[in-house]
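Let me begin by presenting the structure, written as structure tokens, before commenting on it.
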Protein chains: 4
Amino acid sequence: MTLVEDMLDTYPAGLGNVDRKKLADCIRECYACAQACTACADACLSEPDVASLTKCIRTNLDCADVCFATGQVLSRHTGYDANLTRAMLEACAMACKSCGDMCEEHSAMLHCSKCAMECRNCERACRELLKSLG
Amino acid sequence: MTLVEDMLDTYPAGLGNVDRKKLADCIRECYACAQACTACADACLSEPDVASLTKCIRTNLDCADVCFATGQVLSRHTGYDANLTRAMLEACAMACKSCGDMCEEHSAMLHCSKCAMECRNCERACRELLKSLG
Amino acid sequence: MTLVEDMLDTYPAGLGNVDRKKLADCIRECYACAQACTACADACLSEPDVASLTKCIRTNLDCADVCFATGQVLSRHTGYDANLTRAMLEACAMACKSCGDMCEEHSAMLHCSKCAMECRNCERACRELLKSLG
Amino acid sequence: MTLVEDMLDTYPAGLGNVDRKKLADCIRECYACAQACTACADACLSEPDVASLTKCIRTNLDCADVCFATGQVLSRHTGYDANLTRAMLEACAMACKSCGDMCEEHSAMLHCSKCAMECRNCERACRELLKSLG
């Protein structure tokens, strides 16, 4: 999705002081992580030992919902609200941290291993963007 | 939606120490507020003076996304994560406060007036639940 | 949520020939069903015999996503697109039928029993609205 | 997002006869289109002539909701339901066609031009996957 940058570059008003690269990375990771967590929850459902994965599935589902909402909020620039952006980035980093930790515990299952990596990427992108917002 | 209570009452495991009435109220308000804000954004689009309402529309859209994600997280009890719940309730109360303030400024438009009331209700329900979580 | 009617009644432009009561009922059911299916998926995760419920959980998750998207589309009236409305109502009725059938098979679990009833209500509301659209 | 392929490749059960490349492309486009349409709606809100873009904004918002729900459904493989998949792909192709047509009319605005291209890509990916499902 260099499309994310295209949409930022064609926004018809100013984006303020935001670090455009960090914003683009974070938006991209939020949608990618929403997809990966949705897929990972479903992959867990198809594991023979699903009974040991129920907490992982729940964490995946929360992470998907929070990442998607965060990606949506970050995709809007009209009437920018720094406080809500920060609150969602904090919540998203927290959801990704929990989900990354949980999936890492099951990294013998390759979908959890891939999902954990994506959660780490998304958490990092949220924290980088947060830091740059001051 | 007394259905929200039905779903809580039939959950097959314990819900912990949560205040069940406050949880049910908050879930209900989150979905109701997501709907109202989606409808209010669209109603603003059909106002003759839409150009003066663009910030209101954006605030509505954010509020809808955050309320929905919060309602989803609150609807899950398996492997409960108090920190994520708190972070989402804070973000949701903040989104509802912004949206309620914005819509109240336009309360001559009856959809904004109705939406502002719902945002106040949802904000209050989030804060009540937050307080009860300690 | 009589709020759904309030938002319809305060829409600043015409709603066309739509049956306002059927539209309001359908919007309400879509959000209620999204919540119930999200909660039911999570309740299934906490059942001792979760391994026998994986298809039910997946069906619940799909139904929640489709109901929410349908509720969102139905909440907008500006630039109404009858074909998309019909396509989403068809998809939503189908998702609710599958989920209602699946949950009914497990109606000894009370959350599935409650969820099945809601899926029937939402399916019926979608079909009633579809019929009224001609 | 080659992550989409990674998640498909690590799914622990069979994916049936589905064309894996077409499925991966379609999932990717659904999330990319959800993001682009959300961003385009917001960019339209910041155009000086927003009053002429209200129908475009509504179409963008619908397209984002339908694309996201479709991406979610396509990301799940447990207990696959071919009828629901087809119904959502039809609805998504329809939403993308409407949104692509609408944005193309405003292609002097570069965000609409970029968004129209993405809607065409997503529509095509949905139709290709539909065809391959038979």
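The values are calculated or read from the model by the stated rules, or taken from the named source; none is laboratory data. If you're wondering where the values come from, they're calculated on a predicted model, not measured in any experiment. Reconstructed Cβ throughout: ideal geometry from the backbone, glycine too, with neighbour counts over all protein chains shown.
Does the range A:108-130 contain any residue that is in contact (Cβ under 8 Å) with a residue 12 or more places away in the chain, touching a helix residue (DSSP H, G or I) at 6+ places or on another chain (Cβ under 8 Å) and among the hydroxyl-bearing types (Ser, Thr, Tyr)?
Scanning the range A:108-130 turns up no residue that is in contact (Cβ under 8 Å) with a residue 12 or more places away in the chain, touching a helix residue (DSSP H, G or I) at 6+ places or on another chain (Cβ under 8 Å) and among the hydroxyl-bearing types (Ser, Thr, Tyr).
Conditions tested, residue by residue: (1) out of contact with any Phe, Trp or Tyr (no Cβ under 6 Å at 6 or more places or on another chain); (2) free of Cβ contacts under 8 Å to residues at least 24 places away in the same chain; (3) surrounded by 23 or more Cβ atoms within 10 Å (Cβ to Cβ); (4) more than 29 Å from C:Gly71 (Cα to Cα).
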site: D:Thr2; (1), (2), (3), (4): yes, yes, no, yes
site: D:Tyr31; (1), (2), (3), (4): no, no, yes, no
site: D:Cys40; (1), (2), (3), (4): yes, no, yes, no
site: D:Cys63; (1), (2), (3), (4): yes, no, yes, no
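Restricting attention to the range B:101-134, which residues are of a type in the set (Lys, Arg) and either within 18 Å of B:Thr38 (Cα to Cα) or touching a Cys at 6+ places or on another chain (Cβ under 8 Å) (or both)?
B:Lys114, B:Arg120
Could we say that D:Glu118 is acidic (Asp, Glu), crowded, with 24+ Cβ neighbours inside 10 Å and farther than 19 Å from C:Met88 by Cα here?
yes
Go through the range B:1-92 and tell me which helices (runs of 4 or more DSSP H), entirely inside it, have 1 or more residues that are facing chain A (nearest Cβ under 8 Å).
Helices (runs of 4 or more DSSP H) meeting the threshold: B:54-74.
Could you list, in sequence order, the residues of the range C:93-115 that are under 17 Å from D:Leu89 (Cβ atoms) and out of contact with any Asp or Glu (no Cβ under 8 Å at 6 or more places or on another chain)?
Listed by number, the list holds a single entry, C:Met94.
Checking C:Gly79 against (1) at negative phi; (2) without any contact (Cβ under 8 Å) to a residue 12 or more places away in the chain; (3) among the small types (Gly, Ala, Ser), which test does it fail?
Only one criterion in (1) at negative phi; (2) without any contact (Cβ under 8 Å) to a residue 12 or more places away in the chain; (3) among the small types (Gly, Ala, Ser) is unmet by C:Gly79, namely (1).
When the residues of the range C:16-28 are filtered to those that are modelled with pLDDT of 95 or more and not charged (D, E, K, R), which remaining residue is nearest to C:Arg127 (Cα to Cα)?
C:Cys26
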